[in-house]
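Structure, as structure tokens:
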2 protein chains.
Amino acid sequence: MTTKTQKAEETRALILSTALALFREQGFEKTTMREIAAEAGVALGATYYYFASKDALVLAFYAQSQMELEPLLAEVLARKHKNLQARLHALITTKLEYFRPNRSLLSALAAHTNPGHSLSPFSEDSRAIRERDIQSFQQALDADKVKYPADLAPHLPAVLWIYQMGIILYWVYDQSPSQRRTFKLLEKSLPIVTRLIQVSTLPLMKPLRKLTVELLETIYGPD
Amino acid sequence: MTTKTQKAEETRALILSTALALFREQGFEKTTMREIAAEAGVALGATYYYFASKDALVLAFYAQSQMELEPLLAEVLARKHKNLQARLHALITTKLEYFRPNRSLLSALAAHTNPGHSLSPFSEDSRAIRERDIQSFQQALDADKVKYPADLAPHLPAVLWIYQMGIILYWVYDQSPSQRRTFKLLEKSLPIVTRLIQVSTLPLMKPLRKLTVELLETIYGPD
DNA sequence: CTACTAAACTGAACGCGTTCAGTAAGGCGC
DNA sequence: GCGCCTTACTGAACGCGTTCAGTTTAGTAG
């Protein structure tokens, strides 16, 4: 039993790593399922025995990445950064650094907006991964002494996650050398984002904050 | 010559309208090129003689829509709205109203973020249409007596266009009855957007505005 | 009317993701 | 040893978007 499932696990891992290597070398779309099977030394059907679809291979990569990233992100957050901005910067650059060798693969993940498409970052299939990812922003916020406004606080992790997705989306399609524009974008936008969050705590800002919270609840809330 | 090209034009129009009807009835993905050809009474190859791909059919629809929409939008803008917010509201609701029968088709257009994909709203293929669309926001802004800050003003049409795309994206996947959530979202977000634009003219806001303009120039500008 | 040309088509074939009826192979009770 | 079930795998076949070497057809020059 154990040997049997162990061999199966090896085959699964072999197919996945072969697929990821090919995706990395020649891109997601250029790589065919037949090629993956041939390179892994199995029949075409075997890939479908372990992975429901070509997309599922990418999703498996995404899940694996998220698992590998979590200790890295925890370590980064454990460092004593001076404020939220520094923590967010560390979080996002760590992620970009981690994904750099697989940037083209990530583009397969970021390519779809349709929440019905399994590869969409908003899909049901990627829900578990997304929620864990949002958690890391929760932690980045929690590390602060300051209390965020009670009405806004529950939404902040999701808002920051969306911000991060925007950065990653830009990065994935950034043609400038070493994706330099993305980093410029990050340097310019992060201060604005954190400043806005700070400012939102001022009593003066209550009316605008209330509008914003209503907006967020329309987006994420029930009908 | 004229009769010949005229017949060709008729065939082209027949294929396009057949395709759009089928897309509307059963969705973009469910509809096959063979079905379109059969329904239009031509061979499969004929569809590819007139349209480079299945996507190109959607792009043709998009181009046609933009042409039909322009006089409608001009008429809407000609009405005496009391402010920018009212004009934007009229602009966006007119567009949603126009696209309502083809909402599922529009989802094919909004589904891709990849600027390399022809159906992406950011693609080279849809550039001409996008630029005309952005123009309508230019006009909505120009109708105002007030002068917008010189540094920000050139970016405002593109910013409003992105805002509109966000609304449309939400609308396309909005499952609530009659897409009521989208309209709620519009009611909640439009005041914030226009308020922010108003506030940006205050001298007090110069530093934040400068940051924002730099951000926009990083996004849209050259390397 | 005829020969020629370019535009307007045709449909078989290709490559792809995916499916599925079938086959091998290991463990288990007897 | 032998039957039997479950897991692991096979590869032919399907449906799809797309391509392209051909064929028809409409107009044109002689």
ask   = Does residue A:133 count as under 26 Å from residue B:165 (Cα atoms), surrounded by 21 or more Cβ atoms within 10 Å (Cβ to Cβ) and in the same structural domain as residue A:195 (by TED's automatic domain parsing)?
value = yes
query = How about the stretch A:158-172: which of its residues are under 18 Å from residue A:84 (Cα atoms) and either without any contact (Cβ under 8 Å) to a residue 12 or more places away in the chain or β-branched (Val, Ile, Thr) (or both)?
reply = A:159, A:162, A:167
The lone exception for residue B:11 - which of (1) surrounded by 13 or more Cβ atoms within 10 Å (Cβ to Cβ); (2) more than 30 Å from residue B:139 (Cβ to Cβ); (3) near DNA strand D (Cβ under 8 Å from one of its atoms) it fails = (3)
inquiry  = So in the stretch B:142-158, with the set limited to residues that are among the hydrophobic types (A, V, I, L, M, F, W, C) and surrounded by fewer than 19 Cβ atoms within 10 Å (Cβ to Cβ), which one is modelled with the lowest pLDDT?
reply    = B:146
remark   = Over the stretch B:15-32, the set of residues crowded, with 17+ Cβ neighbours inside 10 Å and either within 12 Å of DNA strand D (Cβ to nearest atom) or among the small types (Gly, Ala, Ser) (or both) is B:19, B:22, B:23, B:28, B:31
request  = Taking the residues in the stretch B:1-51 that are assigned to a loop (DSSP other than H, G, I, E, B) and either assigned by TED's automatic domain parsing to the domain that holds residue B:63 or of a type outside the set (A, V, I, L, M) (or both) as candidates, determine which candidate is farthest from the chain's Cα centre (by Cα).
outcome  = B:41
message = For a quick check of your reading of the model, give me the residue pairs whose first member lies in the stretch A:180-198 and is assigned by TED's automatic domain parsing to the domain that holds residue A:92 and on the phi < 0 side of the Ramachandran plot, whose second is in a helix (DSSP H, G or I) and of a type in the set (Asp, Glu), with beta-carbon atoms closer than 7 Å and at least 6 apart or on different chains.
response = A:188/B:214
ask   = In the set A:88, A:106, A:72, A:84, which member is surrounded by fewer than 16 Cβ atoms within 10 Å (Cβ to Cβ) and either touching a residue at least 24 places away in the same chain (Cβ under 8 Å) or of a type in the set (A, V, I, L, M, F, W, C) (or both)?
value = A:72
request  = For the stretch B:37-59, enumerate the residues that are hydrophobic (A, V, I, L, M, F, W, C) and within 13 Å of DNA strand D (Cβ to nearest atom).
outcome  = B:37, B:38, B:42, B:43, B:44, B:46, B:51, B:52, B:56, B:57, B:58, B:59
query = Can residue A:65 be described as away from DNA strand C (no atom under 16 Å from the Cβ) and either within 21 Å of residue A:106 (Cβ to Cβ) or away from chain B (no Cβ under 14 Å) (or both)?
reply = yes
query = Has the stretch B:91-106 got at least one residue that is in the same structural domain as residue B:197 (by TED's automatic domain parsing) and within 16 Å of DNA strand D (Cβ to nearest atom)?
reply = yes
remark   = All conditions in (1) at pLDDT 95 or above; (2) within 16 Å of DNA strand C (Cβ to nearest atom); (3) away from every other protein chain (no Cβ under 14 Å) are true of residue B:20 except (2)
task = Return the total of residues in the stretch A:156-206 being more than 18 Å from residue B:212 (Cβ to Cβ), within 12 Å of chain B (Cβ to nearest Cβ), among the small types (Gly, Ala, Ser) and assigned to a helix (DSSP H, G or I).
result = 1
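The values are calculated or read from the model by the stated rules, or taken from the named source; none is laboratory data. Note that the structure is predicted; figures quoted are calculated from it, not measured. Every residue, glycine among them, receives a Cβ derived from its backbone with ideal geometry; neighbour counts consider all protein chains shown.
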